[in-house]
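Just below is one structure, and these are the notes that go with it.
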Amino acid sequence: MKKNIKRLTALFLMISLVLGTAFAMVNPQVLFAEELNADEEGIEFETDNIGNGNAEHESETSNENAFVQSESVDGVEVTVEAEEGVFPEGVSLSVRKCNDSERESVEETIGKEREISDHVVASYTFDIKIVDKDGEEIEPNGDVKVSFEAEEAENTNLRTDVYHVTETNEASLNAEIMNTEKDGSTVSVVTDGFSYYTVEFTYGKLQYVMQGDSEIPLADILNAVGLSGTVTEAESSNADLFSAEEMNGEWTVTAKQAFDTEEWLKVTIDGVVYEIVVTDEQESGSLGAWDGSTKAVTEVNGKYTITSAAELDWFASKVNAGESFQGKTIYITGNIDLNNREWRKIGIWNDKWIKGDIIFKDCTIKNLLSTSPYTGSNDGFNGLFGVIKVSSLKFENTVIDNANISATDAHAGIIASAIRIAENGVFSMTDCKVTGKVMGRGSNTLYQDYYFGGACGWHRTSRKQYKSRNCQFRNKC
């Protein structure tokens, strides 16, 4: 009898447990709400509509831009976007093409910010406003996105800049170049104010050095200066010195005699005329022996092309001053004679990274001299490069000849005294030759650990990062 009672009791408890669990599974928040109400008075538990996506959708909708308006003026579509609360209700976008007088004033102001060597292909200036129903201008209460859609923005040979031009207290104009985002034919900026906006499409100085009595495909010249596209016309400044001719769809440039003047080659690509400065190899200061001078290099489509010792010295000065060249490519090519003048070295011992790619291609560097003493400063880490941290460093079909490197109490190498490559970067050498001598000694008074090498004194790269193929190193260490 007692056993039967125990069995019935166990069965009853089991049924109760199952029913309670099932109830909790159907509406688990009832249990939690009861627990909360039992612990704290005044707390209300609000249940969700499980499986209903309306609440999430409404949240996303509320985050969408509350103001989006566009106007097409002078072939450019201008769009202004802002979140809720930035503008009051009932406002509208006003875009006006500036008149000649306004454009002249704006152009004069922008010209002070623009590189002197820049060529302007197209420029559009607008007076952009947000106005209320009475036509009164309304300033935004927060950030606003302004977009410009124009066909020129799709041309990868051109640089797109947006300037915000405002009046100062002195009734003069001030131009600010904006940070831009580009997506196809649309370029956008974020701003907190309106006035004049100029969208400008430019290209920088293009320069090519020809060898006398040579014939070269025009495609090679365009590749060297960073241009691409379909050529429909090419014209030289002096056909007696060099000419451009098309045959069977291929363009060829022929140098007929040596010259010491600065000439030009105008090339029409996809309807845009580009002017390339052409000099002869014998021109003083181009590929001749280095005289210690420095020559600035202009960025073209994210690329700096260096063809002379003076330009290489400019690059060294920028790196040593902390310029990162983030996202850029430094392309070094041609015959560069450093003339046994003491070289300043590219890179000093600091925490600055070169956040771009350095590429030596079809390049000869000769008569490199790097012997400055180490005196506790950064100057004594000798080589073509001093101490550098770089995204990627590549050498292809490159010769470094007759180098003379020496150091005391510091690293030394013909290519570099010390190199560190970024985690996802590459240090590669293909079809290269390095010759010269490296001398070093240590007194252990200034720098305890020092390394010397024919190519590099010290480098930090993994086996996967370092690649070498068909290279010769003939050095005296």
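The values are calculated or read from the model by the stated rules, or taken from the named source; none is laboratory data. From a predicted model like this one, the values you see are computed outputs, not experimental measurements. Every residue, glycine as well, gets a Cβ built from its backbone with ideal geometry; the counts of neighbours run over all protein chains shown.
Of the residues making up the range 103-120, one or more are farther than 19 Å from Gly193 by Cα and in contact with a Lys or Arg (Cβ under 7 Å, 6 or more places away or on another chain).
Would you call Asn174 touching a strand residue (DSSP E or B) at 6+ places or on another chain (Cβ under 7 Å), polar (S, T, N, Q) and part of a loop (DSSP other than H, G, I, E, B)? When the stated conditions are applied, Asn174 does not pass them.
Restricting Ser123, Ser94 to those that are within 15 Å of Val162 (Cα to Cα) and among the polar types (S, T, N, Q) reduces the list to Ser123. Considering the conditions (1) at negative phi; (2) part of a loop (DSSP other than H, G, I, E, B), Arg103 is excluded by exactly one of them, (2). In the range 83-106, the residue that is surrounded by the most Cβ atoms within 10 Å (Cβ to Cβ) out of those that are touching a residue at least 40 places away in the same chain (Cβ under 8 Å) and within 29 Å of Ala296 (Cβ to Cβ) is Val106. The residues listed here are Asp220, Asp161, Asp192, Asp183; of these, the one that is touching a Pro at 6+ places or on another chain (Cβ under 7 Å) and either closer than 30 Å to Gly249 by Cβ or without any contact (Cβ under 8 Å) to a residue 60 or more places away in the chain (or both) is Asp192. Residues that are assigned by TED's automatic domain parsing to the domain that holds Val190, more than 31 Å from the chain's Cα centre (by Cα) and part of a strand (DSSP E or B): does the range 134-142 have at least one? Yes, the conditions are met somewhere in the range 134-142.
Going through Asp192, Asp270 one at a time, which residue ends up being within 30 Å of Asp127 (Cβ to Cβ) and surrounded by fewer than 14 Cβ atoms within 10 Å (Cβ to Cβ)? So the residue among Asp192, Asp270 that is within 30 Å of Asp127 (Cβ to Cβ) and surrounded by fewer than 14 Cβ atoms within 10 Å (Cβ to Cβ) is Asp192.
Report yes if some residue within the range 120-127 is more than 33 Å from the chain's Cα centre (by Cα) and small (Gly, Ala, Ser); otherwise report no. Scanning the range 120-127 turns up no residue that is more than 33 Å from the chain's Cα centre (by Cα) and small (Gly, Ala, Ser). With respect to the stated conditions, Val434 is in the same structural domain as Gly356 (by TED's automatic domain parsing), at pLDDT 70 or above, under 18 Å from Ile359 (Cα atoms) and part of a strand (DSSP E or B).
So that you can scan it fast, the table gives a plain yes or no per residue for (1) surrounded by fewer than 18 Cβ atoms within 10 Å (Cβ to Cβ); (2) more than 30 Å from Asp313 (Cα to Cα); (3) not assigned by TED's automatic domain parsing to the domain that holds Asn155:
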residue	(1), (2), (3)
Glu235	yes, yes, yes
Gly249	yes, yes, yes
Phe259	no, no, yes
Glu263	yes, no, yes
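Just one residue in the set Thr294, Thr268, Thr232, Thr252 is hydroxyl-bearing (Ser, Thr, Tyr), free of Cβ contacts under 8 Å to residues at least 40 places away in the same chain and not in a strand (DSSP E or B); that residue is Thr294.
Per-residue answers, yes or no, for (1) surrounded by 12 or more Cβ atoms within 10 Å (Cβ to Cβ); (2) modelled with pLDDT of 90 or more:
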{"residue": "Thr168", "(1), (2)": "no, no"}
{"residue": "Ala171", "(1), (2)": "no, no"}
{"residue": "Asn179", "(1), (2)": "no, no"}
{"residue": "Met210", "(1), (2)": "yes, no"}
{"residue": "Phe242", "(1), (2)": "yes, yes"}
